[in-house]
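Here is the structure we will look at, set down as structure tokens.
Laboratory data are not the source of any read-out in this text; all were calculated from the coordinates shown. Fair warning: this is a prediction, and the values are worked out from it, not measured in the lab. Here the Cβ is made from the backbone with ideal geometry for all residues, glycine too, and neighbour counts use every protein chain on show.
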Amino acid sequence: MTSDVERGRLLLAWQVQPLTRRPAQAILAVSALLTLLPLLYLVLGHLLGALLLWGAVLLSLAPAFLPATYELYAGGVCIRHGLRGVFRPWTWFLRYDVDEAGVFLSPFATPRRLEAFRGIYLHAADNKETILEIVRAHLDVEIPGEMWYTRAMTPRGTGSGSAEHGTPG
């Protein structure tokens, strides 16, 4: 990933347990996964194939079950889901949206369909206001309202990308 020098000083770190946040949905999801294995075996008629497909489904849904660790640094944001970790510098983000469960950081200046795949959602534990303070401090927010826009339509970094097209620079 990135070195400690690029990340800077750790400002805030927290962990979110998805299964404990919504127990009813967790029970439903686990029971659906347990029901899926015998159904796959019935359809395929082969235990190894059923186990492989079931494992693929389980791996694809892992972020919904495994705890996530969030770290806000002076240089950017780091999220770890199981074995996968993502670090993005603050200059990557152009906008953020706030809802009841957390803060979504988007690399696009305006809402787009791709932002769900390229943005980062910070699930808040009991620290939503602290997260917002740090995000506002790093994204130079000037427009209050439902959505906050930052550094809109300016190139990021030194690469060939542009904020207009949402490509990293």
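Would you mind ranking H81, H46 by Cβ crowding within 10 Å, fewest neighbours first? Kindly include the intermediate steps, with their values, before the conclusion.
Values: H81 16, H46 12.
Lowest to highest Cβ neighbour count: H46, H81.
Which number do you get for Rg(Cα) / (2.2 N^0.38 Å) in the range 44-94? Kindly include the intermediate steps, with their values, before the conclusion.
Values: Rg = 16.6 Å, N = 51, 2.2 N^0.38 = 9.8 Å.
Ratio of Cα Rg to 2.2 N^0.38 Å: 1.69.
Of all trypsin sites (Lys or Arg not before Pro) in the range 40-134, which ones are in loop regions per DSSP and have a Cβ with at most 16 other Cβ atoms within 10 Å? Numbers along the way, then the final one.
On the way: sites: R80, R84, R95, R112, R113, R118, K128; in loops: R112, R113.
Answer in residue order: R112, R113.
Could you give the alpha-carbon Rg of the range 19-63 over 2.2 N^0.38 Å, rounded to two decimals?
1.26
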